[in-house]
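The values are calculated or read from the model by the stated rules, or taken from the named source; none is laboratory data. Please read all numbers here as calculations on a predicted model, not as lab measurements. Note: ideal-geometry Cβ built from the backbone for every residue, glycine included; neighbour counts use all protein chains shown. What goes into the accessible areas is simple: the full protein's heavy atoms, side chains included, and nothing from ligands, DNA or RNA. Shrake-Rupley method; radii C 1.70, N 1.55, O 1.52, S 1.80 Å.
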Amino acid sequence: MDDLEKAILISFDESGAVDSALKAQAVAYCQQFKETPSICSICIERLCFSKLVQVQFWCLQCLHEVLRVRYSSMGPEEKSFIRKSVFSLGCYESIDDKNLVRVLDGPAFIKNKLAQVMVTLIYFEYPMIWPSVFVDFLSNLSKGVVVIDMFCRVLNALDDEVISMDYPRSQEEVAVSGRIKDAMRQQCISQVVRAWYDILLMYRNSDPDLCCSVLDSMRRYVSWIDIGLIANDTFVGLLFELTLASGFRDQLRGAAAGCIHAVAAKRMDPKAKLTLLQSLQIRRVFSLVAEDNDSELVSSVASLLTGYSTEVLECLKRLNSENGKAVSTELLNEVLPSVFYVMQNCEIDETFSIVQFLSGYVGTLKSLVPLTETQSHHVGQILEVIRSQIRFDPAYRNNLDVLDKIGREEEDRMAEFRKDLFVLLRSVGRVAPDATQIFIRNSLASAVASNGDVDVEEIEAALSLLYAFGESLTDETMKTGNGLLGELIPMLLSTKFPCHNNRLVALIYLETVTRYMKFFQENTQYIPLVLSAFLDERGIHHPNSNVSRRASYLFMRVVKLLKAKLVPYLETILQSLQDTVAQFTTIYASSKELSGCEDGSHIFEAIGLLIGMEDVPLEKQSEFLSALLTPLCQQVEALLLNAKAQNPEESPAKIANIQQIIMAINALSKGFSERLVTASRPAIGLMFKQTLDVLLRILIIFPKIEPLRCKVTSFIHRMVDILGSSVFPYLPKALEQLLAESEPKELAGLLVLLNQLICKFNTGVRDILEEVYPAIASRVFNVLPRDAFPTGPGSNTEEIRELQELQRTFYTFLHVIATHDLSSAFLSSKSRVYLDPMMQLVLHASCNHKDIVVRKACVQIFIKLIKDWCARPYGEEKVPGFRSFVIEAFATNCCLYSVLDKSFEFRDANTLVLFGEIVMAQKVMYEKFGNDFLVHFVSKGFPSAHCPQDLAEQYCLKLQGNDIKALKSFYQSLIENLRHQQNGSLVFR
């Protein structure tokens with residue numbers, strides 16, 4: 001063994017016994033060896049003498065690479081030597097008398113690599129340089145199995161590497177593919193087909209594996225060769241004989257069926273195609289699908305039947321003649337029962353294709369209403385197929401019920417799989433609405449009468465069908481309950497399935513009842529049944545927490561829809577929910593019970609929606625609300641009592657409990673309107689104020705617990721919404737506490753709250769804002785970085801993201817203040833110190849911020865402040881220094897330099913809006929500052945941008961005119977003109 005062979009063996013070692021440094025050295029040595037000028041001769045020599053498969057593989061791989069990269073630079077002699085040598089190896093011949101090793105005796109991966117090398121030569125040389133390759137190969141097939149096998153590998157590799165359009169191809173590859181196919185059609189393909197036939201005839205009993213290889217090659221080539229070579233009585237007869245004969249192995253029979261499928265799928269004129277499909281007499285294979293439901297053969301036959309059916313359907317669509325349509329319909333009617341059987345009884349991979357075909361078939365029926373008896377029968381069969389396919393596998397019943405990892409995966413898989421089937425159901429529903437409703441009614445009736453524990457999957461499927469059917473119904477149909485709906489929905493409501501404890505059944509039951517809620521809006525006599533479904537053990541009181549939580553959410557949606565119609569049942573509902581309400585806010589609830597607690601608050605939202613209606617008498621409303629708020633507030637007070645001295649281990653549970661209670665009260669308040677609690681029923685408002693008083697104490701006792709601060713902030717938002725200006729007395733204390741210990745994320749939340757207050761009450765919050773603004777500005781400028789945020793690796797941290805969000809929210813806050821006539825907040829004695837940093841921040845953002853929306857807001861801030869703080873030209877200066885700052889810094893940097901930058905993209909819609917604001921700012925500055933602005937802008941700014949004098953003069957005229965659109969249009973063309981002159985040589989900042 002020489003150095004090269006040793007290096008190859010070391011480089012291929014996967015045992016882990018070889019030192020990594022040595023392995024790297026061996027790989028480098030092999031790579032270096034590839035650069036040897038005579039590498040092809042060396043590789044061919046090794047292939048003749050080395051019995052080591054690693055060496056053989058390396059040499060073939062090397063030949064493949066060298067041919068692909070260096071073929072065009074090789075001389076004629078070297079090409080001839082490689083061609084003859086490789087062909088000899090492929091035909092089991094000796095290259096010379098000393099040739100001791102035959103590559104074709106090696107394993108499959110060696111033969112596949114040799115086929116790849118041969119195909120590379122064919123790519124470059126056939127038919128111009130090496131026209132006889134296929135004919136010469138055919139003459140060697142008489143040597144037996146080993147050469148026939150190699151010939152099949154070459155044909156398959158040629159399809160994979162060059163011909164098949166299943167892979168992306170370059171234009172050059174497409175041209176080569178066309179060249180090779182044209183030459184083969186002209187020169188040798190009929191001989192190849194004849195060879196296939198002879199081999200199949202000779203070896204079908206003795207070597208099924210070889211026959212499978214031949215059939216695989218043939219299947220690939222049918223799509224582009226003359227179909228008459230295969231589609232004749234002789235060859236098709238042989239293919240059917242191989243498919244149908246039970247004495248042959250399933251793989252061989254399946255491969256023959258695959259070839260018949262390829263013949264059926266051949267692209268051709270629809271009239272000729274229909275004749276071909278007729279001639280196949282496909283009925284011969286129908287009996288095979290019943291042989292063994294999950295065998296390889298059944299899968300191949302299922303694929304054949306689907307492909308054949310799809311082709312017949314295509315003929316039906318494309319042919320206009322009565323005869324063509326009649327023949328297509330007859331062939332479809334013949335094959336469909338077998339397609340239905342396959343879908344319902346066989347484990348196959350063709351389900352998606354069959355569903356696509358059935359969707360196409362149903363699509364053709366739309367124009368054929370009324371349907372014939374046969375077509376109606378087929379529609380019924382399609383509905384049966386849908387029902388059988390949407391059923392879960394009973395093997396997963398327990399996994400799905402407890403929803404473990406396997407259960408979640410199966411549920412997700414099934415949800416995805418069902419999508420196309422439900423689309424098909426809707427299509428069938430449109431073509432045959434009566435038949436579909438009857439089918440669903442019968443499915444539901446069958447489920448109602450079934451043995452629940454045995455038929456869990458059957459019941460779940462029946463309910464899913466009813467649910468999916470609802471998607472295709474109009475609101476009008478739903479309300480009136482036309483057709484069988486008036487029978488189906490009461491049947492659903494009055495049923496308690498024995499398997500209702502199963503999670504899937506319980507969930508789809510509730511979802512289905514919710515889906516048909518519009519029916520109950522019109523048919524109120526069924527409301528007691530609806531309430532029972534949600535309030536008993538089928539819904540909110542279901543033993544499975546996943547179901548009860550989902551039921552709570554769905555019940556809240558039901559309440560939103562039915563609302564006033566539920567007033568007569570209010571006491572019954574509240575009584576039914578007593579234990580659930582108590583359980584939701586139990587002190588020291590375990591962390592396990594708290595999981596998913598966000599969902600639990602839906603019960604309180606539902607109750608709030610019910611008792612918050614004006615239809616409920618005041619006395620009852622007060623009684624109901626007090627019965628809920630009083631114990632909740634008492635619990636908070638109990639939890640806050642002696643909180644400082646608490647055992648640290650108890651704290652997390654207590655904190656989680658307080659969170660629960662705040663969420664409950666928050667959700668409860670969503671049912672009450674501002675008009676009700678402030679104007680018509682102030683007593684209700686008083687109860688919420690007392691609650692707010694209690695909850696604000698949480699901020700004092702737990703000042704540093706972020707989740708609690710967030711929940712209290714959220715509650716204050718709600719109180720602002722419903723209590724209106726009567727919330728003002730509570731705000732100073734609340735804002736002070738929220739600001740005291742705030743981190744950037746909480747500070748951003750506080751700014752959002754202030755924005756809500758300003759937008760709702762405008763100048764009504766002036767005093768509160770002037771009080772709180774200095775503290776906010778101080779905190780913001782302390783935490784925000786002085787320079788730009790860091791970029792690059794490691795800069796996308798949670799901390800940086802929170803600071804960026806705070807900065808964005810602060811810009812919005814400043815914009816809201818300015819645009820709601822509250823800019824005096826910036827000028828109070830305590831705020832003055834923050835005026836300059838604020839101006840610098842807004843200026844920088846108006847020129848540079850990546851977010852165009854932020855830039856626009858900052859320009860609008862300047863426009864509003866100029867209007868607020870600056871009198872007409874030469875008037876008294878309200879804010880000393882502001883006028884000169886605006887003229888010298890804002891005007892030139894934002895209104896000129898920032899728009900001259902190439903990054904300012906006029907083709908972007910948002911940027912154009914920003915540009916409009918920048919032009920408006922210039923107009924406002926001229927109105928307020930007169931020639932002070934104009935002289936500085938034109939004489940100091942324009943020259944630095946190399947603006948010609950005539951354009952500067954035109955600008956002055958446009959600015960002094962009254963047409964803002966004309967000014968905007970001129971200024972845009974001016975900026976683009978200046979950019980063009982600079983040609984990128986100047987960067988403004």
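Just a few scattered comments:
- Entries of K864/K902; K856/K958; K940/K968; K689/K864; K902/K965 with Cα pairs more than 32 Å apart: K689/K864
- Candidate aspartates and glutamates for bridging to K111, where Cα separation is under 19 Å - those fewer than 8 sequence places away on the same chain excluded: E45, E65, E93, D136, D149, D159, D160, E161, D207, D209, D216
- Convex hull of alpha carbon positions in the range 831-988: directionally averaged projected area 9.0 nm².
- Mean separation of Cα contacts under 8 Å (6+ apart) over length of the chain, as relative contact order %: 4
- Taking a straight Cα-Cα cut-off under 28 Å and skipping sequence neighbours fewer than 8 places away in the same chain, the lysines within cross-link reach of K565 are K479, K496, K518, K620, K670.
- Evaluated at q = 0.13 Å⁻¹: base-10 log I(q)/I(0), Debye formula over Cα of the range 36-224: -0.68
- Protein accessible area in the range 831-988, 1.4 Å probe - carbon and sulfur %: 53
- Translational diffusion coefficient of the range 686-812 (Stokes-Einstein, Kirkwood radius from Cα pairs, 37 °C, 0.692 mPa s): 212 µm²/s.
- Here the ratio of the Cα radius of gyration of the range 373-487 to 2.2 N^0.38 Å is 1.13.
- Based on the convex hull around the alpha carbon atoms, the range 57-124 presents an average projected area of 4.5 nm².
- Assuming charge only on the beta carbon of Lys and Arg (+1) and of Asp and Glu (-1), the dipole of the chain about its Cα centre is about 2580 debye to the nearest 20.
- Loop-located GluC sites (Glu not before Pro) in the range 1-71 (DSSP state not H, G, I, E or B) with no more than 10 neighbouring Cβ atoms inside 10 Å: E14, E35.
- Accessible area ranking (1.4 Å probe, heavy atoms, ligands and nucleic acids excluded), largest first, for V616, V938: V938, V616.
- Accessible area of the chain divided out per residue, in Å², using a probe of 1.4 angstrom: 44
- Relative contact order, percent, the range 831-988 [alpha-carbon distance under 8 Å, six or more residues apart]: 25
- Compactness of the range 310-418 as Cα Rg over 2.2 N^0.38 Å, two decimals: 1.33
- Peptides 245-253, 206-214, ordered by how many other C-beta atoms sit within 10 Å of their residues on average, highest first, read 206-214, 245-253.
- Accessible area of T474 in the full protein assembly, 1.4 Å probe (Å², nearest 10): 80
- If R0 is 51 Å, the Cβ-Cβ spacing of L739 and S969 corresponds to a FRET efficiency of close to 0.60.
- When the helices of the chain are scored as -39500 (n - 2.57) per DSSP H run of n ≥ 4 and the total is divided over every residue, the value at 222 nm lands at -22000 deg cm²/dmol.
- For Q191 and S545, the difference between the fully extended length at 0.36 nm per residue and the C-alpha to C-alpha distance is 120.4 nm.
- Listed by chain and number, the lysines whose alpha-carbon sits under 16 Å from that of K23, ignoring those within fewer than 8 places in the same chain, are K6.
- Mean shadow area of the range 196-344, taken as a quarter of the surface of its Cα convex hull (nm²): 8.3
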